[in-house]
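Structure below; questions to follow.
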Amino acid sequence: MGKGGDGAPAAMPPPLPLKKIATMKPEELPTVKDLKNAIPPHCFEYSIITSLSLVVRDGIIISSLGYAAWNYLPFEGVTLAGWAAWNVYWFLMGTALTGWWVIAHECGHRGFSDNTYLCDAVGYVLHSLLLVPYFSWQYSHKKHHAKTNHLLDGESHNPPGAKYVKLFKSMHDTIGEDAFAIYELYTHLVLGWPMYLGFNATGARRTPDGDRITSVHDHFRPSSKLFPSDHRWDLRVFASTVGCMATLSGLYLLGEEFGHAKVAMMYWPSYLWCNAWLVLYTWLQHTAPDLPHFGEDEWTWVRGGLCTIDRPYGVFDWMHHHIGSTHVAHHLFSYLPCYHAQEATAALKAYLEPKGLYHYDGTSFPVAAWKVAHECHYVEEVTGIQHYKSLKYATKATKAKQM
């Protein structure tokens, strides 16, 4: 794998051409009204039948995979071929569960229906089954959309600062670029989601009240400073935690009835694959060496929203309701139903691309993830317009900064 070094930074490559979004003044950008007018009005219309049919569609796939695994895969004396079959099941089930995850995410955005109660009922059940605290994450994810690519207030995959260099530069140089990229992939795709829910890893640098973070910000305690201090979200956060606890209790009771090992084999590896998918989408949709992030002095809502990348995901795009290939439209109008997102994306592309403001990367997602893991490690400041830097080029001067 990657060759280790002596700690001396490599020669800095020539800078990438800046994306238009980084060079245009905020007043030169389209307004929200301009962006919405570019999309056909019917793309904002809801169909409860279509929304519910997607829940059923994914449910049929999930239940079919579960039935096949429970009845035909070995739970004892598993051979090498048996483990291979289990790994196929875990990947396919995790991929299918991500479909439900995306639908619950749509519910949180009110993209499922114009009926708030229906959205919350469906979203709460589906996300609780996947150990996602529905209302709690709805709050932090709403902030992710409200403050996209804001270096102080952005939620999830907010770039680390120069402290990251102090922590990881020596490790990077010792084990080499490729090994460090594998470490990045592992920490993001396996540990990233529980770390975000439990500790708000890669979350905002400030509380909702504007104070710099000095305590653990988790998604499970109503008293967590992740949430506003006026306590308006307390009951919803509590209900979210109850939903997750109910699922854990259900898994325990099923284990008591059918065997804990059997239940664990059916659920937990697939759960990890589901987590990996959702982190992969968010990571790749907002991370690239030439995609800017903004300090408070440069950020605007339109600027942040347009700093999103659409990517191709092949057959998985269908499985996941096109969340990866229509993410620009989703970030600008998160309440737009997912079944209209492809048409809305085509309209936005036609409007934004001539202006140099539509961001699409046709690189296959495994290659894109490998590139991001190699090249996108930290930003130097939290002011102005910043781009990701690689630890490969970090210097002692960068190491000395504290952010």
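Residues of the stretch 200-222 with amide nitrogen under 16 Å from the 7 Å Cα-to-Cβ point of Lys163?
200-207, 211-218
Also, I was wondering about something else. With a sphere of radius 11 Å drawn around the Cβ of His374, what net charge do the other residues whose Cβ falls strictly inside it have (Lys, Arg +1; Asp, Glu -1)?
-2
Continuing with the same structure: Pull up all non-local amide H partners of Tyr378: gap of 5 or more, or a different chain, and H-to-H distance under 5 Å with H placed in the peptide plane.
Excluding prolines and chain starts, which carry no amide H, the hits are Lys389.
I want to check the label-to-label distance for Ala68 and Leu248. Put each point 7 Å from Cα in the C-beta direction and report it in nm to one decimal.
3.2
Based only on the alpha carbon positions, what is the Kirkwood hydrodynamic radius of the chain, in angstrom? Don't skip to the answer; put the middle values down first.
Details: mean 1/r = 0.0447 Å⁻¹.
Taking every pair of different Cα atoms in the chain, averaging 1/r and inverting gives 22.4 Å.
Right, another one. How large a share of the accessible area of the chain, in percent, is made up of carbon and sulfur atoms when the probe is 1.4 Å and the other protein chains stay in place?
The C+S portion of the solvent-accessible surface of the chain is 64 percent.
Still on this structure, please answer the following. Tabulate in residue order the Karplus-calculated ³J(HN,Hα) for the stretch 191-202, using 6.51 cos²θ - 1.76 cosθ + 1.60 with θ = phi - 60°, rounded to whole Hz; enter x for Gly and Pro.
Karplus values, whole Hz, x for Gly and Pro: 9, x, 5, x, 5, 5, 5, x, 9, 6, 4, 6.
Within a Cβ distance under 15 Å of Leu185, other residues only, what is the Lys/Arg minus Asp/Glu net charge?
Charge balance in the 15 Å sphere: -3.
Let me ask you something else. Send over a whole-number figure in Å² for the accessible area per residue of the stretch 174-290, probe 1.4 Å.
Here the residues of the stretch 174-290 average 48 Å² of exposed surface.
Heavy-atom accessible area of Cys338 with all protein chains present, probe 1.4 Å, nearest 10 Å²?
20
For Ile213 paired with Asp114, estimate the spin-label separation in nm (one decimal), with each label point 7 Å from Cα along the Cα-to-Cβ line.
Those two pseudo-labels are separated by 3.8 nm.
When the chain is modelled as a GNM with alpha-carbon springs shorter than 10 Å, which of Glu28, Glu177, Glu353 fluctuates the most?
Glu28
Another one. What are the residues whose amide H is under 5 Å from the amide H of Ala204, where those residues sit 5 or more places off or on another chain and H is modelled from the backbone?
So Ala204 has HN proximity to Ser156.
Run the paramagnetic zone check for Ala261: 7 angstrom along Cα to Cβ, then residues of the stretch 61-92 with backbone nitrogen under 14 Å.
74-79, 83
Next up: Could you give each residue of the stretch 85-92 its phi-based ³J(HN,Hα) in whole Hz, using Karplus coefficients 6.51, -1.76, 1.60 with θ = phi - 60°, and x for Gly or Pro?
Result, rounded to whole Hz: 5, 4, 5, 5, 4, 4, 5, 5.
Spelling out what I want: for every residue of the stretch 32-37, take phi, set θ = phi - 60°, compute 6.51 cos²θ - 1.76 cosθ + 1.60 (Karplus), and round to whole Hz; glycine and proline get x.
These are the phi-based 3J(HN,Hα) values: 4, 4, 4, 5, 5, 5 Hz.
So how compact is the stretch 338-385: Cα radius of gyration and Dmax in angstrom?
15.2, 39
Quick one: grab the alpha carbon gyration tensor of the stretch 117-194, order the square roots of its eigenvalues as a ≥ b ≥ c, and give me rounded if a/c is under 1.5, else prolate or oblate depending on whether a/b is larger than b/c.
oblate
Next up: Just read off the accessible area of Trp193 with the full protein assembly in place, 1.4 Å probe, to the nearest 10 Å².
Around 10 Å² of this residue is reachable by solvent.
The values are calculated or read from the model by the stated rules, or taken from the named source; none is laboratory data. These numbers were taken from a predicted model, which means no experiment stands behind them. Glycine gets a Cβ as well: all are built from the backbone with ideal geometry, and neighbour counts include every protein chain shown. Note: areas computed on protein heavy atoms with side chains; ligands, DNA, RNA excluded. Shrake-Rupley method; radii C 1.70, N 1.55, O 1.52, S 1.80 Å.
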